[in-house]
Structures are given as structure tokens and as C-alpha cells.
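Read the structure below first, then the notes.
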Amino acid sequence: MNSPSSVIDADPPRSGLADRHFVRHLENAVAEAGGTIAWHADHWLAEIRRDADRALVLGYAFPVNNVVAAKIADDKAASSTIMRAAGVSCLHQSLWRPTWRGNRPVDWPGELPVVLKPNAESGGRDVHRVRTEGELEDLVSALSERYRALAWSRLVEVEDEFRAVLLDGELLLAYRKVRAPDSQEWRHNLHFGAVPEVCVAPLTTERLATLGRSAMDALSLRFATVDIVTVEGDFLVLEVNSGVSLERFSHHSEENFQLAGGVYAEAIRACFA
């Protein structure tokens with residue numbers, strides 16, 4: 001596979017969605033698999049063909065997951081409920097609909113401090129720590145203008161956060177999201193400045209693979225990312241995403257570009273298996 005610079009130099013100038021590494025990864029993977037690809041909707045929808053087979057990729061979602069399983073995975077409260085019922089170690093996340101009268105009563109003074117976030121995937125955006133009832137009221141009022149449903153969980157001291165990418169039970173990639181030691185940012189998202197560190201230690205990758213497989217099995221998923229945190233030494237699933245985005249990871253280095261490309265090559269092979 002080409003390096004990031006050689007791939008970019010070989011193509012005509014692109015912009016917007018077309019400039020994603022993901023576009024190049026998919027084009028390389030489809031060519032390697034002996035297929036053809038046509039882009040629609042400004043490179044947000046890919047139509048892939050190989051012989052008589054056809055597959056559609058929307059955003060970062062591949063046609064290998066059951067549609068209901070994918071929707072549950074991307075619903076933080078629903079996925080938390082299913083994983084807990086299956087005995088998977090995970091952070092309990094509860095649903096809160098700001099404008100719905102049917103919310104279960106919550107003893108907020110007893111629950112605070114909490115983390116409040118959009119119930120659908122957000123990449124760390126609009127994820128807030130809430131310590132007082134006044135802060136909670138103001139935040140719910142502000143977020144309700146943008147989101148119909150929120151998720152809340154107890155505020156815990158996260159020591160480390162990892163991302164595991166799995167396909168059909170196999171760990172394809174695992175990395176730690178490393179915050180700068182002097183950073184004032186409490187979130188571990190790459191979007192907010194964390195740096196990806198590929199996991200190679202067997203003990204760590206084994207624990208991530210085992211917990212990741214448990215989460216995937218509970219949600220009936222084939223291909224997804226599982227975000228896992230450590231709290232007081234315990235590994236807990238934070239959330240699961242059925243759309244597999246490695247964009248910021250891929251941009252970090254040439255090695256990461258190659259690793260991300262390998263993940264998408266396996267996903268394309270699974271589409272035509």
C-alpha cells in the first residue's frame with residue numbers, strides 16, 4: 001500500500017469529504033479486492049461492485065452489521081442496557097429525554113457529579129461534567145435545543161482510554177488515547193488533542209480483545225470499534241460505535257495510515273465473503 005504522501009500526490013486535488021484518508025483507504029482496498037468503486041454524495045456514499053456482487057458504504061458504516069444491532073450500538077443508553085444484561089463490564093449509561101414527561105425520576109443530589117452527553121455518537125462533542133443541580137439545569141436546557149435524547153453516567157476517574165477495532169471476533173487494531181501530561185482537557189478523544197499509541201503489549205491487547213469480543217457478542221455486531229476505559233484498574237466498556245472511523249488515527253503517522261488501511265481492507269473482504 002502507498003504511503004499517505006504518495007497517495008495524496010498521485011491523486012488530483014480534493015477537498016471536503018473527498019480529502020479524507022478513508023476515501024483513499026477504501027479505494028485501495030476495493031482495488032486490492034478486484035472490485036470497482038463509485039462515489040456519491042460528495043464521497044459520503046460508496047457503491048462498490050465486484051463481479052455480480054454490490055455493497056454500499058455510508059459514512060463509516062459497512063454492510064456487515066445487522067441494522068438493528070448497529071442502531072443499538074450507536075445508542076449509548078440502549079447499548080449499555082444490553083451489555084449489562086449480558087454481564088459485560090461497562091459504564092452504566094442512562095437515558096434522559098429533556099422534553100419527555102415519562103423520564104424515570106432521578107435523585108440528582110444523590111447521583112451528582114455525572115457526565116452528560118448526547119445519546120447518539122458525538123466524538124466527544126458536547127460531553128460535559130456536571131457537579132451541581134444548577135449546572136445540570138442549565139446544561140439540559142442548552143443541549144435540549146440540539147438533541148432529543150441525552151445519556152448520563154456517574155463521573156469516574158478514567159486512568160486510560162483505549163479503542164479496539166474488531167471484525168468477526170478478531171482484534172484488528174488497538175490503541176491508547178494519550179492526553180498530554182500538562183493538558184487541561186479531561187476528555188481522551190483524538191479530536192481534542194489526545195495522541196494515538198498503538199497497543200502491542202500482549203497482556204493489554206488480550207484484555208482489550210476479550211472485553212471487546214464480549215461487547216460485540218452482546219450487541220450482535222460483526223464490525224465495530226469498542227472504546228474501553230480503565231477505572232481503578234478495572235477495564236470497562238465506555239461505548240461502542242458501529243461506524244468505524246480511523247481518520248485522525250490514520251493522519252498521525254505513515255505507520256498508522258498503513259494500519260488503518262489494513263482494517264478497511266479486511267472490512268471490504270468481509271463485504272464480499
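The values are calculated or read from the model by the stated rules, or taken from the named source; none is laboratory data. All of these numbers come straight from a predicted model, not from anything done at the bench. All Cβ positions, even for glycine, are placed from backbone atoms using ideal geometry, and neighbour counts span all protein chains on display. Each accessible area value is taken on the protein alone, full model and side chains, heavy atoms only, with ligands, DNA and RNA left out. Shrake-Rupley method; radii C 1.70, N 1.55, O 1.52, S 1.80 Å.
Every test in (1) surrounded by 13 or more Cβ atoms within 10 Å (Cβ to Cβ); (2) at pLDDT 95 or above; (3) on the phi < 0 side of the Ramachandran plot is passed by T36 save one, and that test is (1). Those residues that are more than 12 Å from the chain's Cα centre (by Cα), touching a residue at least 40 places away in the same chain (Cβ under 8 Å) and in a loop (DSSP other than H, G, I, E, B), I need them from the range 235-256; list them, please. Selection gives H252 alone. Of the helices (runs of 4 or more DSSP H) lying entirely inside the range 55-171, those carrying at least 1 residues that are farther than 30 Å from F249 by Cα, open to solvent by 30 Å² or more (accessible area, probe 1.4 Å) and in contact with a strand residue (DSSP E or B) (Cβ under 9 Å, 6 or more places away or on another chain) are 108-111, 133-143.
For the range 184-200, filtering for residues that are under 21 Å from L91 (Cα atoms), open to solvent by 20 Å² or more (accessible area, probe 1.4 Å) and under 13 Å from the mean Cα position of the chain (by Cα) leaves 2.
If you scan the range 221-234, which residues turn out to be under 16 Å from the mean Cα position of the chain (by Cα) and assigned to a loop (DSSP other than H, G, I, E, B)? Listed by number, the residues that qualify are L221, R222. Among the candidates L203, L208, the residue that is hydrophobic (A, V, I, L, M, F, W, C), open to solvent by less than 50 Å² (accessible area, probe 1.4 Å) and either in a helix (DSSP H, G or I) or in contact with a Pro (Cβ under 8 Å, 6 or more places away or on another chain) (or both) is uniquely L208.
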